[in-house]
1. Using each residue's phi in segment A:278-284, evaluate 6.51 cos²θ - 1.76 cosθ + 1.60 at θ = phi - 60° and report the 3J(HN,Hα) Karplus result to the nearest Hz, with x for Gly and Pro.
2. Under the 0.36 nm per residue contour assumption, what length would be gained going from the current alpha-carbon distance of A:LYS205 and A:ASN295 to full extension?
3. How many percent of DSSP beta bridges within chain A run antiparallel, rounded to 5?
4. Given the pairs A:LYS165/B:LYS28; A:LYS414/B:LYS28; A:LYS253/A:LYS361; A:LYS212/B:LYS36; A:LYS172/A:LYS361, which span a C-alpha to C-alpha distance of over 31 angstrom in this model?
5. Would you mind checking which residues have amide H under 5 Å from A:LEU51's amide H? H placed 1.01 Å from N; only 5 or more apart, or other chain.
6. Assuming a ≥ b ≥ c are the square roots of the Cα gyration tensor eigenvalues, decide whether chain B counts as rounded (a/c under 1.5), prolate (otherwise, with a/b larger than b/c) or oblate.
7. Could you calculate the FRET efficiency of A:VAL375 with A:LEU497 from 1/(1 + (r/R0)^6), where r is the beta carbon distance between them and R0 is 45 Å, rounded to 0.05?
8. Give the relative contact order (percent, whole number) for segment A:84-210; include only Cα pairs under 8 Å separated by 6+ residues.
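FYI, it's all coordinate maths here, none of it is from the lab. Here the structure is a predicted model, which is why all the values come from computation and not from measurement. Cβ sites come from the backbone with ideal geometry, for glycine too, and all protein chains shown count toward neighbours.
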Amino acid sequence: MNKKFSFLLVLVLALSTFLAACSGGGEKAGSDTKKGSSEGKSADAKKEQVLNLIATSEIPSMDSTLATDSVSFNVMNNVYEGLYRLGQDNEPTLGMAAEEPKVSEDGKTYTFKLRDAKWSNGDAVTANDFVFSWRRAVDPATAAEYAYMLYDVKGAEEINSGKAKPDTLGIKAIDEKTLEITLKNNIPYFKSLLSFATFYPQNEKFFKEQGKNYALEANTGVYNGPFTLSDWKHEQSFQLKKNPTYWDNAAVKLETINFNIVKDTATAVNLYETKKADRAALNAEFVDKYKSDKNFGTSPDTSVYFLRLNEKNKVLANRDARKALDLAWDKKSFVDVILNNGSKPAYYLVPDKFAVGPDGKDFRETNGDLGKLDVEEAKKLWAKAKKEAKFDKVTLEMLNYDDDNSAKISQYLKEQLESNLEGLTVNIKPQPFKQKLDLESKGNYDFSFAGWGPDYQDPMTFIDMFVTDGAHNQMGYSNPKYDKLVADAKGPLLSDLDARWKALLEAEKILMDDAAISPMYQRGTAFLQREYVKGIVEHPFGGDFGYKWAHIE
Amino acid sequence: MLRYTLQRIVYMLITLFIIATLTFFLMKLLPGSPLKSQDKLTPEQVTIINEKYGLNDPLPVQYVHYIANLAKGDLGLSFQYDNRPVSEMIAGRIGPSAQLGLQALIIGSIVGLILGIIAAIKHNTFFDYGATFLAVLGISIPSFVFAGFMQFVLGVKLQLLPVALWEGFIYTIMPTIALSGFVIANISRFMRTELLEVMASDYIMLAKAKGISQSGIIIKHAIRNALIPVITIIGPLAVNIMTGSLVIERIFAIPGLGEQFVKSINMNDYTVIMGTTIFYSALFVFIIFVVDILYGVVDPRIRLAGGKK
């Protein structure tokens, strides 16, 4: 009995040392966090120029030629610089270019003088850096997915498909600081294109020194933007520091930007709450909680989401049936209830606050909303379509992604469409990301949830998707009038920008009148941002944010 | 023993080869290509890019290439993370996953064993019911629910521990506890059952008859024998921790391997899928091997039998 007791005593002792160890750890942790927060407070008092942010993924690439995603573009926009940079008003402003270029009579040849700018290793930024990087981008051996961004430059498409040598590309270094660029067409949006990552220069000498390791680590990259990538712990965090060699470094106020890689929204919000992050993006469930918070905000994005209506389907080949489908569901309450994240209902293809015409007016301001919710009209059109296409009941398959959010979207559409259009049954087909894209490109679906983000700052990036047999027209839509307008806007009308703009406006109207797609929403993001953070600029394309003018107040 | 070990290593290599082959062909059945912006490219552009990576070759040719490179220890370059070597990605990310997994396994085993022993000794008392209750909780509450709850209470409300991130030991406490819950629950239940069974066996009666003290019996004879079956579940538990860490790593923003693996499958990042699959399988096969060796340490009869083969 006595011995049994002593054994228990040993156990209890062992357990208590273990527990003590635990609580010891806890106390230490507690004091550490307290220290952390008091440091935070004193930082506030001195207004130290440090911004703490969250990135939603590891940086997939720091090689400006190979990058294709928003996280990479966002970092690049702040550590690299092209001939132009999107300014605080989102107009292209001079970057590596010293002055506005000389443009030839036909608008196809641009001659740039480069400013006296340096890379972060002290090398000068030269005309050859641009020549090197652009040739590399279109060289098929590089296999750059965004090579097509350069297709407006003379010879790019031929080189990329292996029909010509990279050195035939329309870019030439006249001397160290003079760059001559020849375009295929005199496109009006070329300047904003020049601010995009694929058009950045790359330091050829440094690139060759680094070989395979180029831009894989913070110290194997070289930077010519407002900041440098000073530290990069993969999948964990990265840090930007003010770049002392940047030509306009007087304008840069932030000393350090710390990014932690956090994939979970709830975790990001908790980090914001404990002052480890100055800004956090929110999803629908958190919007309700923080809507009335003084630090809550929403910002519109320029990605537009829509339903592809596949005209291979007999019913959807009928214009009235498609129009009925578009008018029959409530986009406003969809955005308010299902998305609830700062997105806007879309009654259009070209997003709001994205492109301004030669008349100084936003594209959306001129064309307005095309086709609001009208259930009565939808029912009428649906009845008419039934007669024309000779059907009474029909089952349509809705192709979508297989995540939670998409499931909610599909469910909402199914309910709305089935209750407003008699005889319609919607079958939801959720598929993994790549499988969904595959089915879409093969045309094996009835209608699908799709989206598009702009490649350049012109309505054409949206409009030219739907020309007959276009690679992204995966629903067999075809209208000769539409094709003609697009072809004109890409060719003869380039010398008459007013007429070109009108053609683009007209094309969108035709597309909507044909109900080739049913627009859903223009994406937005809801976020929390500390009140002392000022001057972060949100860009409509390319990198999402510019920190060049940001500061802590 | 040496021969036994060598034999086991050969079997392990064969197993890995079969896994690699199956994964390779199953993976190629996934639709789509590994290109990141497939939805932005025309089919012609996709063909141009596939050419560079040898993805236009017939499948058997690709397979032979892959296995030849694998034999040289070359896992290839990632598609999603342009040109980053897969081996480097795995090496860089295994640290946090391994640390977390080991901590959870060790703490989980120790606490689980203690709880199990208490429950068995104090059979059908308040302690026993308490330990069983904890075990049921540990098994039925998913680790991510527990993790989210802890993060909110300990991190946001009480501010005792950092909410997330990976900057030192205190950052590992919450994720370790979250991951070890399942281990504690399983081991304590198992230990309790085994110990009760052993305590009822003849040789324990003999030991008691010989007048060995109660604590002596439990520590020297009972626990050691009860441990054998418990060791068998450590292998599966280690695997459970590896998969459980996917969610935990996400919630606590830990730069581990788990999320990488899932994402690579969604993105058809062939080289990363292969690399991580082979790595995880190798780890699993190795754990089973270690468990087999441990049997020998705990129970000499098993060692001898193995040796004679």
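1. 8, 8, 9, 7, 10, 10, 3
2. Values: separation 90, 0.36 × 90 = 32.40 nm, distance 4.60 nm.
That works out to 27.8 nm of additional length.
3. On the way: 55 of 71 bridges.
The antiparallel proportion sits near 75 percent.
4. Numbers: A:LYS165/B:LYS28 33 Å; A:LYS414/B:LYS28 33 Å; A:LYS253/A:LYS361 33 Å; A:LYS212/B:LYS36 20 Å; A:LYS172/A:LYS361 36 Å.
In this structure, A:LYS165/B:LYS28; A:LYS414/B:LYS28; A:LYS253/A:LYS361; A:LYS172/A:LYS361 exceed 31 Å between Cα atoms.
5. Those qualifying (amide H under 5 Å, at least 5 residues apart or on another chain) are A:THR256, A:ILE257, A:ASN258.
6. Details: a/c = 3.30, a/b = 1.62, b/c = 2.03.
Judged from the Cα gyration tensor, chain B comes out oblate (a/c at least 1.5, b/c at or above a/b).
7. Numbers: r = 40 Å, r/R0 = 0.89.
That gives a FRET efficiency of 0.65.
8. Numbers: 218 pairs, mean separation 37.3, N = 127.
It rounds to 29 percent for segment A:84-210.
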